[in-house]
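The values are calculated or read from the model by the stated rules, or taken from the named source; none is laboratory data. Owing to the predicted nature of the structure, the values given are computational and were not obtained by experimental measurement. Counting neighbours? That spans all protein chains shown, and the Cβs are built from the backbone with ideal geometry, glycine included. All accessible areas refer to the heavy atoms of the entire protein, side chains included, with ligands and DNA or RNA removed. Shrake-Rupley method; radii C 1.70, N 1.55, O 1.52, S 1.80 Å.
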Amino acid sequence: MNATPAVDGRQLCQRFAVAGTREHTLAIDDVSLQVATGSLTALVGPDGAGKTTLLRMAAGLLVPDAGTLTVLGIDVARHPQAVQDRISYMPQRFGLYDDLSVQENLDLYADLHGVPADQRQARYAQLMAMTDLGRFKTRLAGQLSGGMKQKLGLACTLVRSPELLLLDEPTVGVDPLSRRELWEIVQALVSREQLTVIVSTAYLDEAERCSQVFLLRQGKMLAAGDPASL
């Protein structure tokens, strides 16, 4: 693995205004973390732990109120677009278009990410084989099962080849079989393509699949290490 961390956050803080009041809530409270390049890393905690906030920071969508954060060696607060050009981020509610087919959704995201036309067919074939969606290319996304929608969302996220993949609770609401298949896809991306992946989850059994785990609660870092040590 590369000695330089893919993500390096130091003493991060993030506050949000409480609606209807002059008060603020501390969503991220003095959190520091380093994510190794080429690793599969889990952010683990219940709702409100700060997982999504950390991922949005790493994606360049939120600027920390305090602390420093570099992603792929780039100061994300100063150069968010430079980070976004090199990563892919799949939020909990990924923007699939239900009235477009599987193939049309892939084409749309390829257009949005500027994937060259001469590279698309090879990438599509790889993604269809990985997700087993090849036989459903003409089916409308709105007619897919929950697990298949998540796999299509992942394929759209990977339509370009990122250096860092951020997944925000990708298995929520997914049946057990699809959940296992999604994890197999993610683990294959790490082992075969040396992709750095950060996954947020509330499930400890999912965290056991990762090489690195960060436990969060109410915006604070409770523990960090490999699953065996935690």
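Observations, loosely collected:
- Residue with peak Gaussian network fluctuation, the chain [Cα springs, cutoff 10 Å], from ALA17, ALA155, ALA141: ALA17
- Normalised by residue number, the volume inside the convex hull of the Cα atoms of the range 31-93 is 105 Å³ per residue.
- Residue order for HIS79, HIS24, HIS113 - accessible surface, 1.4 angstrom probe, largest first: HIS24, HIS79, HIS113
- Those lysines that a straight Cα-Cα span of less than 30 Å connects to LYS51, excepting residues fewer than 8 apart in one chain: LYS149, LYS151, LYS220
- The listed residues ARG160, ARG93 rank as ARG93, ARG160 when sorted by accessible area, largest first, using a 1.4 Å probe.
- Environment charge of ASP226, counting only residues whose C-beta is closer than 12 Å and scoring Lys/Arg +1, Asp/Glu -1: 0
- Applied to the range 96-106, the Karplus parametrisation 6.51 cos²θ - 1.76 cosθ + 1.60 on θ = phi - 60° returns per-residue 3J(HN,Hα) values of 6, 9, 4, 8, 10, 6, 3, 5, 5, 5, 4 Hz, with x for Gly and Pro.
- Length, then width, then depth: along the principal axes, the Cα atoms of the range 132-230 run 46, 27, 22 Å.
- Phi angles of the range 116-133 translate, via the Karplus equation with coefficients 6.51, -1.76, 1.60 and θ = phi - 60°, into HN-Hα couplings of x, 4, 6, 9, 6, 4, 5, 5, 4, 4, 5, 5, 5, 5, 5, 9, 6, 9 Hz per residue; Gly and Pro are given as x.
- Rolling a 1.4 Å probe over the protein heavy atoms leaves CYS13 with an accessible area of roughly 20 Å².
- Each of ILE74, ILE87 has its accessible area taken with a 1.4 Å probe; listed largest first, they run ILE74, ILE87.
- The amide H of ALA49, built 1.01 Å from its N in the peptide plane, has GLN218 as neighbours under 5 Å, considering only residues 5 or more places off or on other chains.
- Comparing LEU216, LEU177, LEU152 in a Gaussian network model of the chain where C-alpha atoms under 10 Å apart are linked, the largest mean-square fluctuation is found at LEU177.
- Solvent exposure of the chain, expressed per residue, is 50 Å² of accessible area, with all protein chains present and a 1.4 angstrom probe.
- Solvent-accessible area of GLU193 with every protein chain in place, 1.4 Å probe, in Å² to the nearest 10: 70 Å²
- Amide H contacts under 5 Å for LEU100: ALA141, GLY142, restricted to partners 5 or more places along the chain or on a different chain, H placed in the peptide plane at 1.01 Å from N.
- Rounded percent of accessible protein surface that carbon and sulfur make up, the chain, 1.4 Å probe: 49 percent
- If both residues of a DSSP beta bridge must be in the chain, then about 55% of such bridges are antiparallel.
- Proximal charge balance of HIS113 [Cβ under 13 Å; K/R count +1, D/E count -1]: +1
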